[in-house]
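Remarks on the structure that follows.
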Amino acid sequence: MPHPHILICLPIYSEEVHINFAFSLLDLTRALTDSSVTYETLHVASSHIIRAHNFFVNYFLSRPEFTHLLFLDIDTKFPAEAVFKLLAANKPLTGVAYPFRRFNLDRSIVAADTGICMRQWLEKYAD
């Protein structure tokens with residue numbers, strides 16, 4: 001397998017990312033650098049996710065220096081190790097399933113919730 005040179009693609013709706021995603025991306029780029037894996041990031045702000053994905057794929061295919069294309073959702077948190085597991089699989093196409101979380105937006109924060117952070121609250125009340 002050639003030394004990986006990854007195009008990390010970030011389809012973004014409104015030029016904003018979730019903070020947990022930002023920390024995950026920082027961890028990933030640090031781990032890639034520490035492992036001597038090269039990468040470039042590319043983002044497109046668009047409400048049309050299919051157009052953004054098509055743009056990324058065309059960009060990737062027109063630049064033979066890239067060995068891997070990685071799409072990351074900007075509203076997820078992920079461990080850097082997950083990307084290394086995808087690389088280690090050495091398959092033409094890999095992916096990771098992650099849960100779709102739902103919670104009742106009408107749910108109120110009650111006295112019993114005092115002292116917990118938003119993440120704990122979401123975990124407590126997610127379906």
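The values are calculated or read from the model by the stated rules, or taken from the named source; none is laboratory data. What you see is a predicted model; the values in this text were computed from it and never measured. Please note: Cβ atoms are built from the backbone with ideal geometry, for glycine as well, and neighbour counts cover all protein chains shown.
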Query raised in the report: Under the condition of being in a loop (DSSP other than H, G, I, E, B) and charged (D, E, K, R), which residue from the range 1-28 is surrounded by the fewest Cβ atoms within 10 Å (Cβ to Cβ)?
Result: GLU15
Requested in this report: Of the numbered conditions (1) over 22 Å from SER35 (Cα atoms); (2) in a helix (DSSP H, G or I); (3) at pLDDT 75 or above; (4) not β-branched (Val, Ile, Thr), LEU122 fails exactly one; give the number of that condition.
Outcome: (3)
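Can you tell me which residue is nearest to THR76 (Cα to Cα) among those in the range 36-59 that are free of Cβ contacts under 8 Å to residues at least 40 places away in the same chain and of a type in the set (Phe, Trp, Tyr)? Steps first, answer last, please.
So the first thing to find is which residues in the range 36-59 are free of Cβ contacts under 8 Å to residues at least 40 places away in the same chain, and the list is 36, 38-51, 54-55, 57-58.
Keeping just the survivors that are of a type in the set (Phe, Trp, Tyr) gives 39, 55.
On the way: TYR39: 20, PHE55: 22 Å.
Only one residue fits best here, namely TYR39.
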Requested in this report: Check whether at least one residue in the range 50-63 is in contact with a Leu (Cβ under 6 Å, 6 or more places away or on another chain) and of a type in the set (A, V, I, L, M, F, W, C), and report yes or no.
Outcome: yes
Query raised in the report: What are the residues in the range 1-35 that are out of contact with any strand residue (DSSP E or B) (no Cβ under 8 Å at 6 or more places or on another chain), among the β-branched types (Val, Ile, Thr) and closer than 18 Å to LYS77 by Cα, if any?
Result: ILE19
Report task. Provide a single number: the residues in the range 68-91 that are crowded, with 16+ Cβ neighbours inside 10 Å, over 22 Å from ASN20 (Cα atoms) and not aliphatic (A, V, I, L, M). Result -> 1
Report task. Name, by its number, the condition in (1) modelled with pLDDT under 85; (2) farther than 19 Å from PHE23 by Cα; (3) assigned to a loop (DSSP other than H, G, I, E, B); (4) not polar (S, T, N, Q) that does not hold for ALA112. Result -> (3)
